[in-house]
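Everything on this sheet refers to the single structure shown next.
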Amino acid sequence: MALTLEQKKSVVAEVAEVAGQAFSAVAAEYCGLTVEQMTNLRRKAREGGVYLRVVKNTLARRAVQGTEFECISEGLTGPLVLAFSQEDPGGAARVVRDFAKEHQLLQVRFVSVAGEMLPAGEIDRLASLPTREQALATLMAVMKAPVEKLVRTLNEVPGKLVRTVAAIRDQKQQAA
């Protein structure tokens, strides 16, 4: 079914809005996947905070103009599904990579992050980036470590004094 001009404009506007706020994008070829498999992919994408859309390439080119994903315009050929990470940079890469492991027909074509189009082999590197919660937990652990070490060091001074006084007391008791 052909889209009307108004429908095309709304698709371009929707994808442009998402691309303007996204951290990264992944494009994959989906030929041969069944409707049920695509539905499962969409469900997993929603759960992972990823915007997933099959868009005509000409509409996708217009949608990414003026965003940091403008670099992917040359790679938009063939039937592609676009996944945009909305919560963390590795979200789309994790969803697509995990789904592609189960379904060989989903072939990653390229990855885009920070205004650069990267080859499909970089998906593992992007997918291994920590989520926002993991990054915050790591940061907090790094910030907390020096304070804990200082507290332990300060606590050691009175502890050493107590042990020294106890040793002197034990010596005097044995001498008496």
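Report, by residue number, each residue of the range 27-82 that is among the charged types (D, E, K, R) and within 21 Å of Ala120 (Cα to Cα).
The answer is Glu29, Arg42, Lys44, Arg53, Lys56, Arg61, Glu68, Glu70, Glu74.
For the range 54-63, state whether one or more residues are outside any loop (DSSP other than H, G, I, E, B), surrounded by fewer than 16 Cβ atoms within 10 Å (Cβ to Cβ) and charged (D, E, K, R).
no
Going by the conditions given, is Leu33 aliphatic (A, V, I, L, M) and farther than 21 Å from Pro119 by Cα?
Against the criterion (aliphatic (A, V, I, L, M) and farther than 21 Å from Pro119 by Cα), Leu33 qualifies.
On the basis of being touching a helix residue (DSSP H, G or I) at 6+ places or on another chain (Cβ under 8 Å), surrounded by 13 or more Cβ atoms within 10 Å (Cβ to Cβ), without any contact (Cβ under 8 Å) to a residue 60 or more places away in the chain and not aromatic (Phe, Trp, Tyr), does Gly75 make the cut?
So Gly75 does not fit the description; no.
Under the condition of being in a loop (DSSP other than H, G, I, E, B) and of a type in the set (S, T, N, Q), which residue from the range 103-141 is surrounded by the fewest Cβ atoms within 10 Å (Cβ to Cβ)?
Filtering first and then ranking leaves Gln104.
Of everything in the range 78-101, what is of a type in the set (A, V, I, L, M) and surrounded by fewer than 20 Cβ atoms within 10 Å (Cβ to Cβ)? Give them in sequence order.
Across the range 78-101, the qualifying residue is only Ala100.
Just a yes or no: is a residue in the range 82-104 under 22 Å from Ala13 (Cα atoms), modelled with pLDDT of 90 or more and in contact with a Lys or Arg (Cβ under 7 Å, 6 or more places away or on another chain)?
yes
Only one of Ala28, Ala2 is surrounded by fewer than 19 Cβ atoms within 10 Å (Cβ to Cβ), on the phi < 0 side of the Ramachandran plot and hydrophobic (A, V, I, L, M, F, W, C). Can you tell me which? Steps first, please.
Values: Ala28 fails: surrounded by fewer than 19 Cβ atoms within 10 Å (Cβ to Cβ).
None of the others qualify; the one that does is Ala2.
Would you be able to tell me the number of residues in the range 1-33 that are more than 25 Å from the chain's Cα centre (by Cα) and either among the aliphatic types (A, V, I, L, M) or in a strand (DSSP E or B) (or both)?
So the answer is 4.
Which of the residues spanning the range 144-176 are among the small types (Gly, Ala, Ser) and either under 47 Å from the mean Cα position of the chain (by Cα) or assigned to a helix (DSSP H, G or I) (or both)?
Listed by number, the residues that qualify are Ala145, Gly159, Ala166, Ala167, Ala175.
Determine whether Glu74 is over 15 Å from Ser24 (Cα atoms) and assigned to a helix (DSSP H, G or I). Outline the logic, then answer.
Values: over 15 Å from Ser24 (Cα atoms): yes; assigned to a helix (DSSP H, G or I): yes.
Against the criterion (over 15 Å from Ser24 (Cα atoms) and assigned to a helix (DSSP H, G or I)), Glu74 qualifies.
The values are calculated or read from the model by the stated rules, or taken from the named source; none is laboratory data. Everything quoted here is computed from the prediction, not taken from an experiment. When we count neighbours, we look across all protein chains shown, and the Cβ atoms used for this are built from the backbone with ideal geometry, even at glycine.
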